[in-house]
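Visitor: One structure is given below, represented as structure tokens, and several questions about it will come after.
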Amino acid sequence: MAYVLIVLWNLATLVPIWLGWWDVFAVLGLYWFENLCTGVVQFQKLRDAEAHSGSKPEAVPLSKFFALHYGIFTAVHGLLVLVFFGLVMGGLWQQGQAWWLSAIIIAAIHYLGFRSEWRARQGWTRTTPGRVMAEPYARVLVLHVIVIAGGWLALSAPSPQSILKLFALIKLGVELIAAFIWSRFALKKMP
């Protein structure tokens, strides 16, 4: 099911790119929003894992550290996208209803994944708070390299849509591979 969810939330971006509806800023803005959704879901998963870990509570729970660290990271990323791409491209208000519809779809799919993959299957029984905290960082690091590099290339290319399509497909592939690797890592015996 996790792979289906990854494909679905990527389709919310791929389809409008393929139809030529969006510019570089719209895509980067949506990927920033996706990071925000990931952070919210991971924070709640981390709180669940901490509550069910059976170990002594930490003085500063990992969930609070994660919220601060990931929150700052996401805020800075959003600011960079806005400054470097948004001011050039005109802002989200010019992207139209398709952007907001895609954002709602991405948020709904993240929520569905949280409910079906984590809560319904009691995901905290198969992992540790530390593993939950580490989970989004590899994806986010790769996403940033791919997306920001793709954004700069698209802005300088004669055909930005071709670059956006290529990098959106690369992002989808990387996320599927990362999910596969992470699922194998998460299934290893816990100490």
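Every number in this text was worked out from the coordinates using simple rules, so none of it is lab data. Given the structure is predicted, the values throughout are model-derived calculations rather than measurements. Methodologically, a virtual Cβ is constructed for each residue, glycine included, from the backbone with ideal geometry; neighbour enumeration extends over all protein chains shown.
Visitor: What area, in nm² and to one decimal, does the C-alpha convex hull of the chain cast on average over all directions?
Guide: 10.6 nm²
Visitor: Calculate, axis by axis, the spread of Cα positions in region 43-84 along the three principal axes, and write the results as whole Å, longest axis first.
Guide: Sorted largest first, the three principal extents are 45, 18, 7 Å.
Visitor: Right, another one. How large is the charge dipole for region 97-147, taken about the Cα centre, if only the Cβ atoms of Lys, Arg (+1) and Asp, Glu (-1) carry charge, to the nearest 20 debye?
Guide: 200 debye
Visitor: Return the loop-located GluC sites (Glu not before Pro) in region 1-67 (DSSP other than H, G, I, E, B) with at most 15 other Cβ atoms within 10 Å of their own Cβ; answer none if there are none.
Guide: Within region 1-67, the qualifying GluC sites (Glu not before Pro) (loop, at most 15 other Cβ atoms within 10 Å) are Glu58.
Visitor: Which trypsin sites (Lys or Arg not before Pro) does region 111-191 hold that lie in a coil by DSSP with at most 12 other beta carbons within 10 Å?
Guide: Of the trypsin sites (Lys or Arg not before Pro), the ones in loops of region 111-191 whose Cβ has at most 12 other Cβ atoms within 10 Å are Arg121, Lys188, Lys189.
Visitor: Could you name the aspartates and glutamates in cross-link range of Lys64, using Cα to Cα under 19 Å and dropping any fewer than eight places away on the same chain?
Guide: Straight-distance partners of Lys64: Asp48, Glu50, Glu135.
Visitor: Then there is this: Applying the Karplus parametrisation 6.51 cos²θ - 1.76 cosθ + 1.60 with θ = phi - 60° to the phi angles of region 15-30, what ³J(HN,Hα) value in whole Hz is obtained for each residue in order, glycine and proline being reported as x?
Guide: So the J values, rounded to whole Hz, are 4, x, 5, 5, 7, x, 7, 10, 9, 4, 5, 4, 5, 5, x, 5.
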